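The values are calculated or read from the model by the stated rules, or taken from the named source; none is laboratory data. For clarity, every value in this text was computed on a predicted model and none was experimentally measured. Here the Cβ positions follow ideal geometry from the backbone for every residue, glycine too, while neighbour counts run over all protein chains shown.
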Amino acid sequence: MKPMNLVATLASLALLAAAPERALAQHEHQQHEMHGSGGAVAQLQLQDDRKWQTDAALRLGMANIRAAFDADHPAIHAGKQTDAQYAALATRIDQQVKSIVANCRLPADADANLHLIVADLLQGISLMRGEDPARLRHDGAALIHGALNAYGKFFDDPAWKPDAPMREQ
């Protein structure tokens, strides 16, 4: 290896060693933005080029999930969200998902598509709780973020505002 390449490689390794969680989180975040969530929401479809209908329970639950996520988003993006904060966010989102599942009444086709969003929300909750040691808690936040974006693209919620891409605040 040439001396300059060796120096660059060692410098990169030193940076990764100094902040592995932040570096991995940033890498995962970049991959998420480049490739989408890759979760169940990748299977979502529009209804004859129209968004799926929603009901009041779904709109309220999704708005509450969005508010909880948006409140923690700056810390998540900065790599400063603690494990306890991820777990608390997962609990807040889980409560809303349970409320949606218990109270939402959609036609069968809309409900089937909603289940794809719910699947990613539940997987995100699990990862944010640290239930998969092979994955980062940030991966869970990325799934939640992808599910929120997909909801806005595929479900007709007049109050929903498109999410801006995750970037430094």
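Brief remarks follow.
- Close pairs (9 angstrom Cβ cut-off, 6 or more residues apart or separate chains): farther than 14 Å from residue 160 by Cα in the stretch 63-81, hydroxyl-bearing (Ser, Thr, Tyr) and assigned to a helix (DSSP H, G or I) anywhere: 72/86; 76/86
- Among the candidates 139, 111, 120, residue that is in contact (Cβ under 8 Å) with a residue 60 or more places away in the chain, acidic (Asp, Glu) and under 16 Å from residue 61 (Cα atoms): 120
- Boolean, residue 77 is at negative phi, assigned to a helix (DSSP H, G or I) and modelled with pLDDT under 95: yes
- In the set (1) farther than 16 Å from residue 54 by Cα; (2) surrounded by 15 or more Cβ atoms within 10 Å (Cβ to Cβ); (3) polar (S, T, N, Q), the condition left unmet by residue 91 is number (2).
- Filter result for residue 7 (of a type in the set (Val, Ile, Thr), loosely packed, with under 12 Cβ neighbours inside 10 Å, out of contact with any Ser or Thr (no Cβ under 6 Å at 6 or more places or on another chain) and at pLDDT below 95): yes
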